[in-house]
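Comments concern the structure below.
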Amino acid sequence: MQVDESLVRNVVQQVLARLGKDAAVPPSSNGSYQGRFGQFTGVDEAVAAAREAFERLSRASMAERKRVIDHIRRIAIEQCVELGTMEMNETKIGRLAHKIEKLKTLGERAPGVEFLRSEVFSGDHGLAVIEHAPFGVIGTITPVTHSLPTLTGNAVSMIAAGNTLVVNPHPSGKRIAAEGVRRYNQAIYRDLGIDNLIAVITEPTLETAAAIFKHRGVSLLCVTGGMAVARAALQTGKRAIVAGPGNPPVVVDETADLDRAARSIIQGGAYDNNLLCIAEKEVFVVASVFDAMLAAMERAGAVRLSAAEIAALTRVAIQSVGEGEHKHDAASKEFIGQDAAVLAKAAGRSVAPDVELLFGETDESNPFVPVEQMMPFVPFVRVRDVDEGIAKAVQYEHGFRHTAIIHSTNVNNMTKMGRAVDTTLFVKNGPCMAGLGMGGEGYTSFSIAGPTGEGITTPLTFTRERRCSMIDNLRILGK
Ligand code: NAD
């Protein structure tokens, strides 16, 4: 009987992992990492395995690349309930239905090989063809807010472009990241005989992230997360694609369809308990429709907190962090991604468990306005007119160039705000996710590279240009 060495190795690894032992096993007898299914504790090994996978992928056809991606898509879609539930149980933030939906959406809609293209210059001196080549191994950092969904979208787009990846997931989402990677690699290996296209660090730390950042075998970085990781990636000296933090403002002017605006703000602001980086975080409403807008929010099912309740919530849900000039307000971990009912309780109010969003009037000095709260309470601030609303939106977007939203039927106001906010995503008259193709046009990615300018990432984001020139020949037009 022939024994598949890789499967034996994998079983051994899983047993060791269950026993709490270091699951790393040395390369197989032929010196390869085949059979590890992407599970690594050490960065050097992970990069070596992903490099080996890159060499193999480089010899694969485009049809085979597509087959690789189809396995990732199929598993993300077919196993979204099981994997989404595992992510919810591990991270304990957000909402189960949305954890499931996010994974399925990334499986269905992350941009794949169909996004690749070449350009041609054809003229008197022949042809120049521009092609988009892979970088190699991409060092990838993913957030806790969508651990496996971000990894899945990254993997689809990066592999579509011919790269492989080494992932340092957020420590609080490491188990679901590793499990997803194991399933993806296993399916790919069984079908195509290539393993470790995705290598995950199973015990990720800041040290392993730093080791990935400076590893010579890593050709490109893609980080998705908050300010600290964005800064760290930009200081490495390597090319980095940075999908950084957001604090998306919403402006509602006097021409808006207020009921539509309310439904949109609830849909986007409450999604996964406000964990999305694109989610509505603070709303500026023109004074003449302010009271009507608050009434529309209540009609649409959100619960309004009183000033005293907001003060009570603010005291516990926002805390001061850092020292000296670095001292600033931040969302308290205890409340990030928790249900509206949990926040309401902290505010001294009891609401039904199915309430999705809390809101209330504040002025701009309330820390919920500048802070990226990532919890389902959204402050509403009264402004004199649309110009003041736009000015405040610009101020509290903090120059992240991430996402901004307007509800209006006045195209001049939309244009004015679009110009002023200068964000990567600008959504008009819909919930934030419509800007990522969920209920709006366009494709979906959970890595939105504002600071470094690549925008909503696609396979082309993870490529470098190569030009191939034929001099004085092969142009079949003209003389
Ligand atoms: P986080 O910044 O705490 O962590 C993100 C990742 O970076 C994690 O893997 C973490 O371990 C790592 N990390 C943190 N500091 C690091 C450092 N100094 N060096 C190396 N790695 C470091 O963020 P989070 O709570 O996981 O996710 C929420 C944040 O991510 C929010 O700010 C949100 O806006 C942002 N985000 C942005 C996008 C986007 O596309 N622009 C998408 C999702 C989330």
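For region 353-479, what are Rg and Dmax over the alpha carbons, in angstrom?
According to the Cα coordinates of region 353-479, Rg and Dmax are 20.8, 75 Å.
If I take the Cα coordinates of region 39-82 and project them onto the principal axes, what are the three extents in Å, biggest first?
Sorted from largest, the Cα extents of region 39-82 read 33, 29, 7 Å.
Where the eigenvalues come from the Cα gyration tensor of region 206-270, what are the semi-axes √(5λ) of the equivalent ellipsoid, largest first, in whole Å? The partial results should precede the final answer.
Working: eigenvalues 314, 23, 17 Å².
Semi-axis lengths for region 206-270 are 40, 11, 9 Å.
Would you work out the charge dipole size for the chain about its Cα centre, treating the Cβ of every Lys and Arg as +1 and the Cβ of every Asp and Glu as -1, and quote it to the nearest 20 debye? Can you show the working numbers first?
Details: 51 positive and 54 negative charges, 247 e Å.
Roughly 1180 debye, rounded to the nearest 20.
Taking the beta-carbon count within 10 Å as an exposure proxy, list Ser350, Ser469, Ser408 from fewest neighbours to most.
On the way: Ser350 8, Ser469 11, Ser408 23.
Going from sparsest to densest Cβ surroundings: Ser350, Ser469, Ser408.
Spelling out what I want: for every residue of region 346-357, take phi, set θ = phi - 60°, compute 6.51 cos²θ - 1.76 cosθ + 1.60 (Karplus), and round to whole Hz; glycine and proline get x.
Values, residue by residue: 5, 8, x, 9, 10, 10, 4, x, 8, 5, 8, 9 Hz.
For region 297-431, how many pairs of lysine residues have a Cα-Cα distance under 18 Å, where the two are 8 or more positions apart or belong to different chains?
Values: Lys333/Lys345; Lys392/Lys416; Lys392/Lys428; Lys416/Lys428.
Lysine pairs, 8 or more places apart or on different chains, close enough: 4.
How much length is gained if the chain between Arg467 and Asp44 is pulled fully straight, taking 0.36 nm per residue apart and subtracting their Cα-Cα distance, in nm to one decimal? All intermediate terms of the calculation are to be shown ahead of the outcome.
On the way: separation 423, 0.36 × 423 = 152.28 nm, distance 3.24 nm.
Here the segment from Arg467 to Asp44 would lengthen by 149.0 nm.
I need the calculated FRET efficiency for the pair Arg384 and Asp354, taking r as the beta carbon distance and R₀ as 41 Å, to the nearest 0.05. Numbers along the way, then the final one.
Values: r = 36 Å, r/R0 = 0.88.
It comes to 0.70.
If packing is taken as the mean number of other Cβ atoms within 10 Å per residue, what is the order of 145-158, 32-45, 68-81, highest first? Let's see the in-between values first.
Numbers: 145-158: 29.0, 32-45: 22.3, 68-81: 20.1.
Descending packing order for the listed peptides: 145-158, 32-45, 68-81.
Pairs of Cα atoms under 8 Å, at least six residues apart: use those to get the relative contact order of the chain, whole percent. Numbers along the way, then the final one.
Numbers: 1045 pairs, mean separation 89.9, N = 479.
After rounding, I find 19 percent.
Going 7 Å from the Cα of Ala391 toward and past its Cβ, which residues in region 341-367 have a backbone nitrogen under 16 Å from where you end up?
Only 364-365 pass the distance filter.
Can you give the Rg to Rh ratio of region 271-368, both from alpha-carbon atoms, with Rh computed by the Kirkwood formula? Write down the numbers at each step before the final one.
Working: Rg = 14.1 Å, Rh = 14.5 Å.
So for region 271-368, dividing Rg by the Kirkwood Rh gives 0.97.
Can you compute the helix-only [θ] at 222 nm over the chain? Use -39500 (n - 2.57) per DSSP H run of at least 4 residues, normalise by all residues, nearest 500 deg cm²/dmol.
Working: 15 runs with 190 residues, N = 479.
Here the helix-only value at 222 nm equals -12500 deg cm²/dmol.
Enumerate the aspartates and glutamates that Lys99 could reach by cross-link, defined here as Cα to Cα under 13 Å, with residues fewer than 8 away along the same chain left out.
Within the straight-line limit of under 13 Å, Lys99 reaches these aspartates and glutamates: Glu82, Glu87, Glu90, Asp272.
Among 96-105, 193-202, 330-339, how do they line up by average Cβ neighbours within 10 Å per residue, starting with the highest? Mind dumping the intermediate values first?
On the way: 96-105: 21.4, 193-202: 26.1, 330-339: 18.0.
Result, highest mean first: 193-202, 96-105, 330-339.
Which value, in Å³ per residue, describes the convex hull spanned by the Cα atoms of region 152-280?
Working: hull volume 19.5 nm³, N = 129.
So the per-residue hull volume is 151 Å³.
Could you work out the Kirkwood radius for the chain, taking every pair of different alpha carbons, averaging 1/r and inverting it, reported in Å?
Numbers: mean 1/r = 0.0424 Å⁻¹.
Radius from the Kirkwood sum: 23.6 Å.
Please list the equivalent ellipsoid semi-axes of region 212-341, computed as the square roots of five times the alpha-carbon gyration tensor eigenvalues, in descending order and whole angstrom. Walk me through the intermediate numbers first.
On the way: eigenvalues 251, 73, 36 Å².
Value: 35, 19, 13 Å, ordered largest first.
Where a number appears in this text, it was derived from the coordinates with a stated rule and is not lab data. It should be emphasised that the depicted structure is a prediction, and the values quoted were computed from it without experimental measurement. Glycine gets a Cβ as well: all are built from the backbone with ideal geometry, and neighbour counts include every protein chain shown.
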